[in-house]
1. Within the stretch 132-152, identify whether any single residue is surrounded by 14 or more Cβ atoms within 10 Å (Cβ to Cβ) and farther than 30 Å from GLY3 by Cβ, and answer yes or no.
2. Identify the residue in the stretch 85-101 that is at pLDDT 95 or above and polar (S, T, N, Q) and, among all such residues, is farthest from VAL66 (Cα to Cα).
3. Of these, VAL175, VAL121, VAL116, which one is modelled with pLDDT under 90, in contact with a strand residue (DSSP E or B) (Cβ under 7 Å, 6 or more places away or on another chain) and either part of a helix (DSSP H, G or I) or over 29 Å from PHE198 (Cα atoms) (or both)?
4. Considering only the stretch 1-37, state which residues are among the hydrophobic types (A, V, I, L, M, F, W, C) and buried (at least 19 other Cβ atoms within 10 Å of the Cβ).
5. From the set of residues in the stretch 73-107 that are β-branched (Val, Ile, Thr) and over 17 Å from GLU36 (Cα atoms), which is surrounded by the fewest Cβ atoms within 10 Å (Cβ to Cβ)?
Amino acid sequence: MKGEPDAEEYAFKVQSLSRLEVLSQQGVIDLFYGDECGVSLRGYVPYGWQFLGEEVSIPSISGNAVNCFALFARDNRYFFRTTQETIDARLLCDYLDQFSHTLLRETVVVLDNASVHQREVKKRRAAWAAKGLSIFFLPVYSPELNIAEILWRKLKYEWLQPGDYEEKQLLCYRVWQCLAAVGRQLRIAFKPFDKSQFV
């Protein structure tokens, strides 16, 4: 069962995020939202139709075929990595290290409060700050504040097709292909951040 964020912390974080969004729109900073996601060989089937007596099935294998990490901006600028490894604190920090070498200006990365984001990320904050990279943690139980969640929904429920789940190698390739097309052939039209939606 989903918990609830602390109301005072949530309001403070929404206000802070609103200020970061304004600075990003003004070109003072770059603002990216980060998250990880697993894509498994268990295809998503929201509903289906079949004739009486007809058997319809989709092969299903448990476990993730590919794990993804993305940093995503409202204007569809984008950094991503895919792996068959578990994205633990070490790997996540390695990705943030790689990203820190690409910065054009002061940059803030918004991360959720997953345990993988905590201890190791906090250890490396000073080194990243020296390169112009800051980390902003969302309050717990607040995925609605992270636009990267929309990216994963688009990937799993719109961009990937049923045939992509037939075998692991194909699925890994199709996930990478979709993510590589984001910002070019595949775009997400985001509404501007509106703090009144969240408070």
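1. The answer is yes; a qualifying residue exists.
2. SER100
3. Details: VAL175 fails: modelled with pLDDT under 90; VAL116 fails: in contact with a strand residue (DSSP E or B) (Cβ under 7 Å, 6 or more places away or on another chain).
Checking each option against the conditions leaves just VAL121.
4. The answer is VAL14, LEU17, LEU31, PHE32, CYS37.
5. In the first step, residues of the stretch 73-107 are kept if they are β-branched (Val, Ile, Thr); the result is 82-83, 86-87, 102, 107.
Now narrow it down to the ones that are over 17 Å from GLU36 (Cα atoms): 102, 107.
On the way: THR102: 10, THR107: 21.
So the residue we want is THR102.
The values are calculated or read from the model by the stated rules, or taken from the named source; none is laboratory data. Please read these numbers as outputs of a predicted model, since none were measured by experiment. Cβ: placed from backbone, ideal geometry, glycine included. Neighbour counts: every protein chain shown.
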